[in-house]
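Participant: Would you mind keeping the following structure in view while I ask a few things?
The values are calculated or read from the model by the stated rules, or taken from the named source; none is laboratory data. The structure displayed is predicted, hence computed values, not measured ones. For neighbour counting, all protein chains shown are included, and Cβ atoms are generated from backbone atoms with ideal geometry for every residue, glycine included.
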Amino acid sequence: MNQHKVCIMGIGGGGGKIIDRISALSADGPVLVVVNTDIRALEDASPSRKIKIGQIRTGGSGTGGNVELGRLSAEDDIDKIKPYLKNAELLILVVALGGGTGTGATQVILEQAKRDGCHILCFVTTPFTFEGETRIDCAKKALPDLCKVSDAVISIPNDLLFESIGRNKMSQAFIKADETVGTAIRSIWKLITHPGYINLDFADLLYTVRGAGGACSLAYGAGKGHNKAQNAINELLESCLTKQSTLLAVAKVAMISIVGGEDLTIKEVGDIMGKLNSIFSKDTHVSMGTIIDDAWRNKIMITIIFSDSWNSKIVVEEKSNVQKEEPSLIPLPQKTTGAKIPKKRKEAQSGLRLDANIKKRFDGVNPTILYGEDMDIPAFKRHGIKIPE
Amino acid sequence: MSAAIVAVEMGTSKIIVLVGEVRDDGRIAIIGVGESSPSGIRKGEVVSIGKTGACLRNALAAAEASSHISLKSVYLSIAGGHINSTINEGSTIIVDPEMGVNIADIDEVIKVAKTVSLDQNQKVIHSLSRYFTIDGQHQVINPEGMEGNKLSLEMMILYGHNGCIKNTMNVIYDKDIDVADVVFGGLCSAQAVLSKEQKDAGVVVIDIGGGTTDYAAYNDSIIAAAGSLALGGDHVTNDIAFAFNIPIARAEEIKKEYGSTIISSYDPENKISLPPQVGFTGKSFSHHALSTVINARVDEILKIVKKRLDETGVMDHIGAGVVLTGGCAKLNGIDILANDIFGVPCTFGKLNNVGGLPSAIDGPEYVTCYGLIEYAAKAESTISHPGLWGKIIRRILGQ
């Protein structure tokens, strides 16, 4: 995938801070965008693209935790965001759920992205327990909605994220946490835009996350020095995000990416995978990839996306659907050394399937186009509503 | 007793012909009924002239047989996504300001306000007077005798695609039957189910039929908004057929038998089973899944109507709420869903002025036709009153 076709968008204060960290990690790379209602937070944010929303409603001072206000703000200013969505094949959304802008605006932006045919990957952090019931409830309510619209949601509970770095000073703890999530997102971006020697791509990611019902957990470990592989694996296994590796032992599916410099050796990769495979149970579905990034010379980082529930049926169904959508008249593109990614959804939809099946009843009649949507396509399909069996 | 009035509605699910008579007490009695399907019509527009012609022939024959009247001339209701409305204003200088506005001035301003520039292929269906303005004094209902220099009139112009309207009329002409007038279906439904009190307080009537959803809104008894969307029960059926991969005809049966717009709670035991038939392997799915599909569609249709109404600002003046009619009004729970969406009380339309109905034709899908008969009856009665009163009524009716 062309790296410029990936847009990483942080929404709200929490999302914006993580974007800051990503931009600090790399000068080049993905299109980074921060969307916020709070002008001051935007002034702090470093990436070049900043989108201010809801100026009229909030006066530029944030939503004060009001989700409805966040949603309305995004609806008002969706035109400012649209150009980024139009140009993106993959949208990676970064949100700290629980706040007004993060929770409210995200849903609006996701729906627009879906209409624009983006693939959507959501990274969300959920609030600390001590932040109180209101914020936790708010995040809990929002999460299923995100799963409905997104291709994949990876959620990271702040409680777990901070358990390992909780003894640090508060300011440092937050920077560290943002850096952790930032690095994880960057490694995923790298994974699917840069071919490594052992390749993982967006299709693998979707395979992992969709089978898990759309929501996964994330853990990481980093190490440096002579024993960098060992250090990284130790950190991962002792990490609170894996609950001292107990979560890995019950994982049904795991996708592992290993980031290293030019000095990464096959032995190190072998050691890491050997150790992890000994922890996973036999029927765990494991996929892995490596990324060579010279910023990581003398360091190794392991990022793992995993879930304790996985159903291969869901994935198989999805795959067979995809095949139906694309008639085999056109030869399928050969898998190259680069990462493959399914065609933009919009293009796939304008193909054979719609005319043949979906709109059967309305053959030979003018389509009902209202507010830019073809209303003859089933409403539940356009709105991404899943119909249970 | 006056002569019989024949109303024809060429709907997407069926063609309905009603023959009615105005009794001495002013009520309407239905003396003949004919209906037939399939109609060869989609979204209110003729897609198969042959099919529509045959269907109309059957419906007319049935109506003639049951009413013992030979049908010569009919009123036709039309609908379709091509129908839209616009507000047009016209002004004229009052000829003799000191004597006040006279009939000639009113005629002149009506003529001017009716003149609207439309696309070549569009045709005006109705021009409905809203308010007169005299020298900046707004919202005058009857300006006759009032003093001033300049008289303006705001009119709602309902227009549609010329080709679509002609296609529909041609099917009738082919049967050597004359079309007395063409009336927008949404106005017919309003005529049939709305009371004067409702129109005064502000009300919206939404007629969700098979192929189209027609709406009309009134405020202070004056038309405030009207239009038609090429969305309806057919879309619900199509969604069901696609969601569960079943034939359209089965989907239609399922919709009529089990259709609900309220998402029922998930219960895997509570299933709808379709037995296998020739060419169909059988299928079963939950009530929950079915209601989810229907809810998504009906919710969307109602929200689009609300959006259209919001654009005109009429929703702020809806004291009497929303009245639902048309075949889709039979979907379970649609009043509750509409109530949620519009935030005002939603009720089902009841016929105002019709007596002695056989129960077989006492459903919401017949409302448009009844309304058309009433509309026609009013129009015909004004012809026998050529004076001012007739003129005013004709203006209100938009003729």
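Participant: If B:ASN84 satisfies every condition in (1) in contact with a Phe, Trp or Tyr (Cβ under 9 Å, 6 or more places away or on another chain); (2) farther than 22 Å from B:SER221 by Cα; (3) among the polar types (S, T, N, Q) but one, which is the exception?
Facilitator: (2)
Participant: Test B:SER291 against the criterion of being within 14 Å of chain A (Cβ to nearest Cβ) and assigned to a strand (DSSP E or B), and give yes or no.
Facilitator: Spelling it out, it is not the case that B:SER291 is within 14 Å of chain A (Cβ to nearest Cβ) and assigned to a strand (DSSP E or B).
Results for (1) touching a residue at least 24 places away in the same chain (Cβ under 8 Å); (2) of a type outside the set (Ser, Thr, Tyr), shown as yes or no for each residue.
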position	(1), (2)
A:ILE109	yes, yes
A:ALA113	yes, yes
A:ILE120	yes, yes
A:THR125	yes, no
A:PHE128	yes, yes
A:GLY132	no, yes
A:ASP137	no, yes
A:LEU143	yes, yes
A:LYS148	yes, yes
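Matching residues to (1) at pLDDT below 50; (2) over 24 Å from the mean Cα position of the chain (by Cα); (3) at the interface with another protein chain (Cβ under 9 Å from one of its Cβ atoms):
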residue	(1), (2), (3)
A:SER287	no, no, no
A:ARG297	no, yes, no
A:ILE302	no, no, no
A:ASP308	no, no, no
A:ARG353	yes, yes, no
A:ALA356	yes, yes, no
A:ILE385	no, no, yes
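Participant: If a residue must be without any contact (Cβ under 8 Å) to a residue 40 or more places away in the chain, touching a strand residue (DSSP E or B) at 6+ places or on another chain (Cβ under 7 Å) and not aromatic (Phe, Trp, Tyr), how many such residues does region A:278-303 contain?
Facilitator: 2
Participant: Related question: Mind checking which residues of region B:304-323 are more than 10 Å from chain A (Cβ to nearest Cβ) and either farther than 21 Å from B:ALA190 by Cα or assigned to a helix (DSSP H, G or I) (or both)?
Facilitator: Step one: list which residues in region B:304-323 are more than 10 Å from chain A (Cβ to nearest Cβ), which gives B:305-306, B:309-323.
B:VAL305, B:LYS306, B:LEU309, B:ASP310, B:GLU311, B:THR312, B:VAL314, B:MET315, B:ASP316, B:HIS317, listed by residue number.
Participant: Consider region B:47-89. How many of its residues are closer than 15 Å to B:TYR173 by Cα, within 14 Å of another protein chain (Cβ to nearest Cβ) and among the hydrophobic types (A, V, I, L, M, F, W, C)?
Facilitator: 1
Participant: Next question, about the same structure. Out of A:VAL108, A:VAL124, A:VAL95, report the one residue that is in contact with a Phe, Trp or Tyr (Cβ under 8 Å, 6 or more places away or on another chain) and not assigned by TED's automatic domain parsing to the domain that holds A:SER239.
Facilitator: A:VAL95
Participant: Are any residues in region B:91-107 in a helix (DSSP H, G or I) and surrounded by fewer than 19 Cβ atoms within 10 Å (Cβ to Cβ), and if so, which ones? Lay out the reasoning, then the answer.
Facilitator: If we filter region B:91-107 for residues that are in a helix (DSSP H, G or I), which is where we start, we get B:97-99, B:103-107.
Matches in region B:91-107: B:PRO97, B:GLU98, B:MET99, B:ILE103, B:ALA104, B:ASP107.
Participant: If I filter region A:65-115 down to residues being outside any helix (DSSP H, G or I) and of a type outside the set (A, V, I, L, M, F, W, C), which single residue comes out as surrounded by the fewest Cβ atoms within 10 Å (Cβ to Cβ)?
Facilitator: A:ASN87
Participant: Now for a different question. Does region B:325-335 include one or more residues that are part of a loop (DSSP other than H, G, I, E, B) and more than 20 Å from the chain's Cα centre (by Cα)?
Facilitator: Scanning region B:325-335 turns up at least one residue that is part of a loop (DSSP other than H, G, I, E, B) and more than 20 Å from the chain's Cα centre (by Cα).
Participant: Find all pairs meeting these conditions: Cβ atoms under 9 angstrom apart; at least six residues apart or on different chains; first residue within region B:255-266 and more than 12 Å from every other protein chain (Cβ to nearest Cβ); second residue aromatic (Phe, Trp, Tyr) and not in a loop (DSSP other than H, G, I, E, B).
Facilitator: none
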